[in-house]
Amino acid sequence: MSMSLTYIKNGNVITRYGLIKGGSILISDERIAAIVKGEIPVQADIVIDADSKLILPGAIDVHPHIDDPNFFEGREDFETGTRSAIVGGVTSMVEMPTWNPVLEKSVIENKIDRGKRMSYIDFKLHAGNVREILDESVVNELEKLGVMSYKTFTCDPYLCTDYVIHENFRKYADSGIIFMFHAENNEILNGVKKEFDDKKMKSARYHHLTRPSIAEVEAVNRILLLAEKTNAQIYFVHISLGESVRLINEAKTRNVKVKLETCPHYLYFTDKDMERLGPYLKVNPPVRTEDDRKALINYLNAGVVDIIASDHYPTFKDEREPGWEDMDRVRSGLPGIGTLYQSIINLMLNNILKPEVVVKVLSENPAEIFKISDRKGGIAVGKDADLVILDPKREVRVTPEKFLIHSGWTPLDGRVFKGYIEKVILRGEVVVEDYEIKARKPAKYIGTALS
């Protein structure tokens, strides 16, 4: 039986090595078979003329909270979350635990089953939230299912003690496990929050002030020290501060095994936006100063920040409104998987982020760090043909309707972004055209053991 061939011609292909003008891509059996400058003499079943548009790899979001049926209760699931993802150019994800523990074989298997039935994109899973010393038998079971990354908190509501963190580091330093950290100092957070409560300053407008920078900086520094002493492999999620990145970068120069991510909201918003957006910008850690925003951009372009991820967290719009009066009545978190790709492409087309950096932080680094680079991450021969064809001369206005945001809102609502997504291709098949889903390709679970 002959394999189907798809031929994309006349595109400007962005790779980690630069731009291939007038490039062509040949796709065979879901994978990229050839990439050349110029045309390929081939008779293909499907021919796509990119018409000098940009061709980029689809994004891999390693931090969306999508699947927790007993907690989200209709706010989000694999179907609604990944419909938004694929429309916006995210073609794979590593899904993050939310409230209920994801630390047992049966829980992982159930999530895999739901994902295969419901997801519009390929996926892998993180485990979490760790609060005890991990049992070796459980770790071995999860490894067989391709789960090797464990979310851990240094603060409420899933506080893990330093003793447990240190013991897990010692026990699993050579195992290949990645310990992922939400890093904020719990005592500082609780103490400062009480001060604001005592002053009756409870509006979400003050949320950023209740979680001061020192809480993140101290926790990052502490976890770096524990990792350095034990040789553990660690990863910091949603880093918000230039000072935190500086500490992590210094640790990298000492060969500490550490990676980090930041998120679009730290690149687009600052503390000055809290008065205007209040509960619609309540996120942990909070948005920071303009100096921090600029520092994160600089560290991204310098190759210090490894990944940009969404930290997608769904709540409905009517659930946000009480936060104007009382921040404790609204959960922290923002919808973001649908706008992740578009927001970062906009920074690229405005010459704020380098094209090669965007390819690395959205596609290549996520695949390498979370061990799916055999099939995913970047445009290269042998990789899955997960591609986005984008017109850099056109613009798109962000609305919840355009990006299929199930919760019905986004802090980016109304923004006009450079770059218009003409096609999204998942494993060689065009599944989205002009922000409309045209086909649904069965999702694959891309855990290491099942790739």
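All of the numbers you see were taken from the coordinates with simple rules; none came from a lab. Quick caveat, the model's predicted, so the values are computed rather than measured. When we count neighbours, we look across all protein chains shown, and the Cβ atoms used for this are built from the backbone with ideal geometry, even at glycine.
Observations on the model:
- Rounded to the nearest whole Hz, the Karplus-based 3J(HN,Hα) values (6.51 cos²θ - 1.76 cosθ + 1.60, θ = phi - 60°) of region 255-265 follow the sequence 6, 5, 7, 9, 10, 8, 10, 10, 9, x, 5, with x at glycine and proline.
- Helix 186-198 axis, angle to the chain major axis (alpha carbon atoms, nearest 10°): 70
- Using the Cβ of residue 220 as centre and a radius below 12 Å, the other residues enclosed give a net charge of -3, where K and R count +1 and D and E count -1.
- Projected area, mean over directions - region 185-268, Cα convex hull, nm²: 6.0
- In order through region 368-383: 3J(HN,Hα) via Karplus (6.51 cos²θ - 1.76 cosθ + 1.60), integer Hz, x for Gly, Pro: 5, 5, 9, 6, 10, 6, 5, 10, 10, x, x, 9, 7, 4, x, 7
- For the chain, the longest principal axis of the C-alpha atoms and the axis of helix 105-118 are separated by about 40°.
- The residues packed around residue 388, meaning those with a beta-carbon under 12 Å from its beta-carbon, carry a net charge of -2 if Lys and Arg are +1 and Asp and Glu are -1.
- Volume of the Cα convex hull of region 315-451, divided per residue and given in Å³: 148
- Radius ratio Rg over Rh of region 23-128, counting only Cα atoms, Kirkwood formula for Rh: 1.12
- Under 5 Å between amide hydrogens, built in the peptide plane, is the criterion, and for residue 305 it picks out 300 among residues at least 5 positions away or on other chains.
- Between helix 290-301 and the chain there is an angle of about 40 degrees, using the helix long axis and the longest principal axis of the Cα atoms.
- Neighbourhood charge, 11 Å Cβ-Cβ cut-off, centred on residue 413 and excluding it, Lys, Arg +1 and Asp, Glu -1: +3
- Rounded to whole Hz, the Karplus (6.51, -1.76, 1.60) HN-Hα couplings of region 217-233, x for glycine and proline: 4, 5, 5, 4, 4, 5, 5, 4, 4, 5, 5, 5, 6, 10, 6, 6, 9
- Highest-first arrangement of 408-415, 359-366, where packing means the average Cβ count within 10 Å: 359-366, 408-415
- If you wrap the Cα atoms of the chain in a convex hull and average its projected area over all directions, you get 20.3 nm².
- Pairwise Cα separations in region 250-340 fall into 10 Å bins from 0 onward with the following percentages, short to long: 15, 42, 29, 12, 2.
- Cut-off under 5 Å, modelled amide H: who pairs with residue 129 long-range: 102
- Amide H contacts under 5 Å for residue 404, placed H, 5+ residues apart: none
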